[in-house]
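Student: Attaching a single structure in structure tokens format; questions to follow.
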Amino acid sequence: MALRATVDARIAPSAWKMGSSVRESPQSQAIWSQPSPTINLSNSSIHTLTDSPTDTESVTASGSWRGSWSPCRLPSSAWSCPSTEDSETDEATAELQRRHSYGYSFAGNHSPSLSQLLLARSVGRTPRLRYLISYYAEVIAPVIVAFDSPTNPFRTSILRMAQDSISLQEAIATLSTSNLRQRRDRGIFSTCRTESARMSSLAHQALTDRSVLESFDPSIPEGFALEETYHRGVAVKELNKELADPQRRLSDSVLATLLILCLFHVCDTGVGQFKTQFAGVTKLLAIRLRASPYVSDELKWFIRMFTWYDTMTATTNDRESQLHSSEWGLENLAGCDARLFKIISHLGRLNLLSQSQEHTGPSPHVFVPTSIPPPSMTYHTPDLLFSGLPTQIDPYLFPLPTPPRHGDQTKQPSSPSFWAEWYSIKQQLEAWRFPQERLNQGPAESARSMHAYISPPSSPVYESGVAPQNIEDVFHISESFRHSALLYSERLAYPDLPSSHPRIQQIVQRSMAHILAVKSDVYLLWPLFITGSECVFEEHRIIIEERCKDISKDSGFYNNLSCLELLQKIWAENSSVDVDETGYGGLQACQFDWSASDGVMPSNSLYKGQGFRWQQAMQAKRAEGEYMVV
């Protein structure tokens, strides 16, 4: 296990800065106009800055909240999950009850209600905290991993750490109240397309039933915005205390609190000061690894998750990822093959090199290919998956690009370092293969690997492998990422090329084919965003839009809609094309001659400007923070 977590001049002095994106009520507006709570991490010590009066004066007692509650403001229709078959819903509810009644006995002969079962195993210092943490465990945790399982660390590990951590309990409460508010304000309900989404939706219905809310805690504030602000203030205050203590800051629960607060920003607006936050995490990890060389399974998991979020955010926000790990086991959490993600993790750096920003230093992961891979290794996709694609498509109609010569009128990158790494990453992406033997697993192997849902809270993280019935989904998710990464690299090499060009559209088409085949799309936003930015056909745009909305409905997180809004701005500025006008996906246009030296953008370009289509829209919002495209 190796982690590159160096502390140098590139890391900002304010290592963790909480954004102030919580929607303000009139009562809290004056408080939150003050500077955001900031935590500074340094080599030898961690200096804390207390938040505005929210952190101190508004906290009346540990874990308490005083406010008024108006239950009539909660329309029951906002919590329902549509189902065409009532019997299917009844069976799913019975299954959820069976899973959660395991190992628990209730007084009397009556059967406990589903809400009682869901609340029975929660943790928290107060009844309200136990409710919000139960909501997190049963509603949120199942839909923030690609494949939920008994060993889902977002449930097992986080809840175990929360038992003795005030900051983590309050951070979870902040995320839960934000999620409850998002779902209520937008009136959304789950698509129930997957088992995880269906179980999450049933738990949501049970925990937001009016009778539960009225009887559980009558001192809930009217609405969730004030409560959200309160819990967030307590969480940051307690986190500051922990980071100021040389011993307590080494606890796994501190990293858990930072991770949950990061998820809060993703849920709230999808925009935050993630670069600064990940720099702080990098410093904290460096301090921990200096204190002890032992890396636990939980620490490995934290490194994986922070690396995933950092890498995906860096690729679309003009920076290099700050976290680099040799632990890449992400299939069960994100659905993407670990070897493929390791290649994708270098795209942020490649983007900087394309802008002649070479201060990032040499990459130790780059090799220079000695030859072009043969046709059998390029754009490998099983024919049975794409029977609708034109068979005459040949990627070798498009030669590899060459660096621009002096005097060329082109926007192509001129950096030798860029081209050396571009060829390397391009070849690795084209040569990557999903192991065929994994796709060949049959029902017998799948049945033998099934586990009972209930497992002890101490279930080890390393046992959370991908079940055989999910392997096909991992394949399609990985291929969606691979083709989107190829699209990303093509755009870096050809910033002037119109999106309508066959060189772009033949990759878009293949990416779309895999996107359509994905069932568990929890972490599919990055391929949707990269591919969607190059879509010129209305049919493709509709598919991308529906997928983004569906993911948001299942999770209640707003980042999917924030990124969709950017795509809609791009599409609004560039008219779409009907499929019938040029053939399916525009691929029949591949027959015209295109040479590698032809770098000038044709006059019939469908897109204005150069480079990534989202760049201009994101830069306009850069002062507010980075978009989390995960």
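The values are calculated or read from the model by the stated rules, or taken from the named source; none is laboratory data. Values in this document were obtained by computation on a predicted structure and should not be read as measured data. FYI the Cβ positions are ideal-geometry reconstructions off the backbone, even for glycines, and counts take in every protein chain you see. We work out accessible area using only protein heavy atoms, side chains counted, and drop any ligands, DNA or RNA first. Shrake-Rupley method; radii C 1.70, N 1.55, O 1.52, S 1.80 Å.
Let's see how each residue does on (1) modelled with pLDDT of 90 or more; (2) in a helix (DSSP H, G or I); (3) surrounded by fewer than 19 Cβ atoms within 10 Å (Cβ to Cβ):
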| position | (1), (2), (3) |
| --- | --- |
| Ser219 | no, no, yes |
| Thr229 | yes, yes, no |
| Gly233 | yes, yes, no |
| Val236 | yes, yes, no |
| Lys241 | yes, yes, yes |
| Arg249 | yes, yes, no |
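Student: Could you check the stretch 267-286 and list, in sequence order, the residues that are open to solvent by 10 Å² or more (accessible area, probe 1.4 Å) and touching a helix residue (DSSP H, G or I) at 6+ places or on another chain (Cβ under 7 Å)?
Tutor: Within the stretch 267-286, Thr269, Val271 qualify.
Student: Would you mind stating whether Pro82 is under 27 Å from the mean Cα position of the chain (by Cα), under 24 Å from Pro468 (Cβ atoms) and at pLDDT below 95? Can you show your working first?
Tutor: On the way: under 27 Å from the mean Cα position of the chain (by Cα): yes; under 24 Å from Pro468 (Cβ atoms): no; at pLDDT below 95: yes.
Against the criterion (under 27 Å from the mean Cα position of the chain (by Cα), under 24 Å from Pro468 (Cβ atoms) and at pLDDT below 95), Pro82 does not qualify.
Student: Sort out which residues of the stretch 251-266 are open to solvent by less than 10 Å² (accessible area, probe 1.4 Å), closer than 16 Å to Ile166 by Cα and of a type outside the set (Ser, Thr, Tyr), and write them in order of number.
Tutor: Val254, Leu255, Ala256, Leu258, Leu259, Ile260, Leu261 - these are the residues of the stretch 251-266 that are open to solvent by less than 10 Å² (accessible area, probe 1.4 Å), closer than 16 Å to Ile166 by Cα and of a type outside the set (Ser, Thr, Tyr).
Student: Does Val143 satisfy being touching a helix residue (DSSP H, G or I) at 6+ places or on another chain (Cβ under 6 Å), at pLDDT 80 or above, of a type in the set (Val, Ile, Thr) and farther than 19 Å from Ser253 by Cβ? Let's see the steps before the verdict.
Tutor: Details: touching a helix residue (DSSP H, G or I) at 6+ places or on another chain (Cβ under 6 Å): yes; at pLDDT 80 or above: yes; of a type in the set (Val, Ile, Thr): yes; farther than 19 Å from Ser253 by Cβ: yes.
Criteria met by Val143.
Student: Return the total of residues in the stretch 526-543 being surrounded by 23 or more Cβ atoms within 10 Å (Cβ to Cβ), within 21 Å of the chain's Cα centre (by Cα) and part of a helix (DSSP H, G or I).
Tutor: Matching residues across the stretch 526-543 total 7.
Student: When you check Ile477 against the structure, is it in contact with a Lys or Arg (Cβ under 8 Å, 6 or more places away or on another chain) and of a type in the set (Val, Ile, Thr), yes or no? Can you show your working first?
Tutor: Values: in contact with a Lys or Arg (Cβ under 8 Å, 6 or more places away or on another chain): no; of a type in the set (Val, Ile, Thr): yes.
Here the answer is no, as Ile477 does not meet what is asked.
Student: Give me the pairs: first residue in the stretch 287-301 and over 11 Å from Leu250 (Cβ atoms), second residue modelled with pLDDT under 90 and not aromatic (Phe, Trp, Tyr), beta-carbon distance under 7 Å, and six or more apart or on different chains, which are they?
Tutor: Listed by first residue and then by second, the contacts come to Val295/Met1; Asp297/Pro460; Asp297/Val461; Glu298/Val461; Lys300/Met1; Lys300/Glu327; Trp301/Val461.
Student: I've got another one for you. Scan the stretch 519-533 and report the pairs whose first residue is not assigned by the TED database to the domain that holds Asn560 and of a type in the set (Asp, Glu) and whose second residue is modelled with pLDDT under 95 and outside any loop (DSSP other than H, G, I, E, B), with Cβ atoms within less than 8 Å and a gap of 6+ or a chain change.
Tutor: Once the first residue is not assigned by the TED database to the domain that holds Asn560 and of a type in the set (Asp, Glu) and sits in the stretch 519-533, no partner that is modelled with pLDDT under 95 and outside any loop (DSSP other than H, G, I, E, B) comes close enough.
Student: Anything in the stretch 132-180 that is touching a residue at least 60 places away in the same chain (Cβ under 8 Å) and of a type in the set (Lys, Arg)? List them, or say none.
Tutor: The answer is Arg160, and nothing else.
Student: For the stretch 527-557, give me each residue that is closer than 22 Å to Met199 by Cβ and among the aromatic types (Phe, Trp, Tyr).
Tutor: Here is the first cut: in the stretch 527-557, the residues closer than 22 Å to Met199 by Cβ are 547, 549-557.
Of everything in the stretch 527-557, just one residue is closer than 22 Å to Met199 by Cβ and among the aromatic types (Phe, Trp, Tyr), namely Phe557.
Student: Inspect the stretch 483-506 for any residue being farther than 24 Å from Asn351 by Cα and open to solvent by less than 10 Å² (accessible area, probe 1.4 Å) and give the result as yes or no. Give the derivation first.
Tutor: Our first condition is that a residue be farther than 24 Å from Asn351 by Cα; within the stretch 483-506, this holds for none.
So far as the stretch 483-506 goes, no, none of its residues is farther than 24 Å from Asn351 by Cα and open to solvent by less than 10 Å² (accessible area, probe 1.4 Å).
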